1. Within the group 35, 87, 51, 44, which residue is closer than 20 Å to residue 105 by Cα and within 33 Å of the chain's Cα centre (by Cα)?
2. From the list 62, 92, which residue is within 17 Å of residue 103 (Cβ to Cβ) and modelled with pLDDT under 95?
3. Only one residue in 43, 20 is in the same structural domain as residue 97 (by TED's automatic domain parsing), at pLDDT below 90 and under 21 Å from residue 102 (Cα atoms), so which one is that?
4. Examine region 309-332 for a residue that is modelled with pLDDT of 90 or more and more than 20 Å from the chain's Cα centre (by Cα), and state whether such a residue exists.
5. In region 1-28, which residues are in contact with a strand residue (DSSP E or B) (Cβ under 7 Å, 6 or more places away or on another chain) and under 16 Å from residue 79 (Cα atoms)?
6. For residue 178, work out the one condition from (1) touching a residue at least 24 places away in the same chain (Cβ under 8 Å); (2) surrounded by 14 or more Cβ atoms within 10 Å (Cβ to Cβ) it doesn't fulfil.
7. Considering 107, 72, which residue is farther than 21 Å from residue 124 by Cβ and either in contact with a strand residue (DSSP E or B) (Cβ under 8 Å, 6 or more places away or on another chain) or at pLDDT below 90 (or both)?
8. From the set of residues in region 203-251 that are under 28 Å from the mean Cα position of the chain (by Cα) and loosely packed, with under 13 Cβ neighbours inside 10 Å, which is nearest to residue 280 (Cα to Cα)?
């Protein structure tokens, strides 16, 4: 399960290294060995390690001191350390925990015990890393969101004050212009807050996931009808190449959000008179959906950041349309929720193609 994990085994006994190495090799871990504490610390400076099996009784620097140094180093302090020793006195075990160890394996070694302890602590480490990243992403996202919300609120306040102060001096056309701006910023702010709440619900696991068989062509027709006014305003032609009977196994609400965002983006970044195409291809396991446009394309350095919650960024459309930068992040999360993948292929001034996969049935 965690066969990509890197383990460091530290022991001055070659026979012990061979025993543990053979036990763990069957689990396909990437194993590195060290014969003393100094060598172990040097290895930790040079390569990433996910878990350390550390002997206590070694010449020169004992395991306790090695562990203390590991825990004092900001780069290695979070690596779990499992002590190995023939010492079974309570004081020895307690000292190991005081130094920062998380577990203790006694010699002679028991094969299954080593396997289970290593797998358990690697699992906990992976969960902790994911939790830490999620919290960091959320903190950064909240700070970005707070900054982005300030702008439309400031504009709303400014235009409202300007309108109120000059109400009796403005012409009806000037009043209409200011109210139009206020309405535009209000709508943008509402969408941003709506998407933020939607993303928060998704991340917290409070969003219901109810996949069912859906006739994809019917959903596409509804999406096209929804965007008809925006497409007509730009004289865009939306083509569909979807089999009438193709069905996908998906949560209808989430799929609607995915398709709505992808089609809206295609319209937003298309020039007047352009073409938008929706394709679906079915194989034995999944349906591959593509939404293509002949628009302005995406700069290469922006593509890796499109689905990154820490890189929320909005670009104006060809007619000055504004967005929140959250739509594609929701698409990414919802596609992942289905066990699918979403990718983008784009060329400046030639257009973009967003492609995602959906299962034909529950795995």
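The values are calculated or read from the model by the stated rules, or taken from the named source; none is laboratory data. Everything quoted here is computed from the prediction, not taken from an experiment. Neighbour counts are summed over all protein chains in view; Cβ atoms, including those assigned to glycine, are modelled from backbone coordinates with ideal geometry.
1. Only one candidate passes the filter, namely 51.
2. 92
3. The conditions single out 20.
4. no
5. 5, 6, 7, 8, 9, 10
6. Here residue 178 meets the rest and fails (1).
7. On the way: 72 fails: either in contact with a strand residue (DSSP E or B) (Cβ under 8 Å, 6 or more places away or on another chain) or at pLDDT below 90 (or both).
Step by step, each of 107, 72 is checked, and only 107 is farther than 21 Å from residue 124 by Cβ and either in contact with a strand residue (DSSP E or B) (Cβ under 8 Å, 6 or more places away or on another chain) or at pLDDT below 90 (or both).
8. 213
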